[in-house]
1. Please give every one of the lysines within straight-line cross-link reach of Lys28, meaning a C-alpha to C-alpha distance under 20 Å, and leave out same-chain neighbours fewer than 8 residues apart.
2. Could you pull out the GluC sites (Glu not before Pro) across segment 143-197 that fall in loop regions by DSSP (anything but H, G, I, E, B) with no more than 12 other Cβ atoms inside 10 Å?
3. About the Cα centre of segment 2-186, what is the dipole size in debye to 20, counting +1 per Lys and Arg Cβ and -1 per Asp and Glu Cβ, all else neutral?
4. Please give the contour-minus-distance gain from Met67 to Leu167: 0.36 nm per residue of separation, less the Cα-Cα distance, rounded to one decimal in nm.
5. Just subtract the alpha-carbon distance of Arg5 and Tyr185 from 0.36 nm times their residue separation and send over the number in nm, one decimal.
6. For a label point 7 Å from the Cα of Met32 along Cα→C-beta, name the residues of segment 73-93 whose backbone N is under 14 Å from it.
7. Taking Cα centroids, how far is segment 29-89 from segment 167-196 in Å?
8. Can you give me the distance in nm between label points at Thr74 and Leu13, each placed 7 Å from the Cα along the Cα-to-Cβ direction?
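Laboratory data are not the source of any read-out in this text; all were calculated from the coordinates shown. Just so it is clear, the structure is predicted and the values come from calculations on it, not from any experiment. Every residue, glycine as well, gets a Cβ built from its backbone with ideal geometry; the counts of neighbours run over all protein chains shown.
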Amino acid sequence: MRVLRFRPDGSDLTTLVQNGDFTNPAHKADQMRWCVGIAVDPIHRVMYWTQKGPSKGSQGRIMRAGMDIPRGETASNRSDIEVLFSGLPEPTDLEIDEEKEMLYWCDRGELPLGNTVNCASVARGAEKARGTEIEKMLGYTILVGGLHEAIGLQLDVKNGFIYASDLGGSVYRFNIDGSGKQKIYEAECAFAGIALV
């Protein structure tokens, strides 16, 4: 229900967005309030986060707001929150290419739009997605499908790759345009995140 910021040592904990009161049982039960993934664009001083909604509910959203709360406002009433995409299957993790202002995210949920990795330009005034008729209607591009409840996502912009992990126990690598999908690791477990070091 919250988006938080703090320093690596845990100090200066600040609530930037608050969608409800976690001590209120009704708020805790409302999955539309749950914040899941976050990506920060320090160049443009904005942050993005997912609110996945109920499982298989196609009510997920991707939101954007400034990295700082507008003067005179609070985390609960800030006026700069934008809904960039709504009606998504179950968006979880996301990544931003700050230079190109391209947002990438993985979506759980049902086919045909779920179990995918997607991207969209989030530059202000950006042209809508090109591609198939459905992608034009959605406003984003489906890069890869056929994943098994994808949750982890990591961009390698320098080398032109995207890595994704899923609850089916697989790790994938594919080109940043969605081509060349390869399963590079598989195990009898569920992966809920991924990081490159």
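1. Lys52, Lys56
2. Counting only loop positions with at most 12 other Cβ atoms within 10 Å, the GluC sites (Glu not before Pro) in segment 143-197 are Glu188.
3. 200 debye
4. Net length gain for the segment: 32.9 nm.
5. Going from the current span to full extension adds 61.5 nm.
6. 86-88
7. First find each Cα centre; the distance between them is then 25 Å.
8. With each label point 7 Å from Cα toward Cβ, the separation is 1.8 nm.
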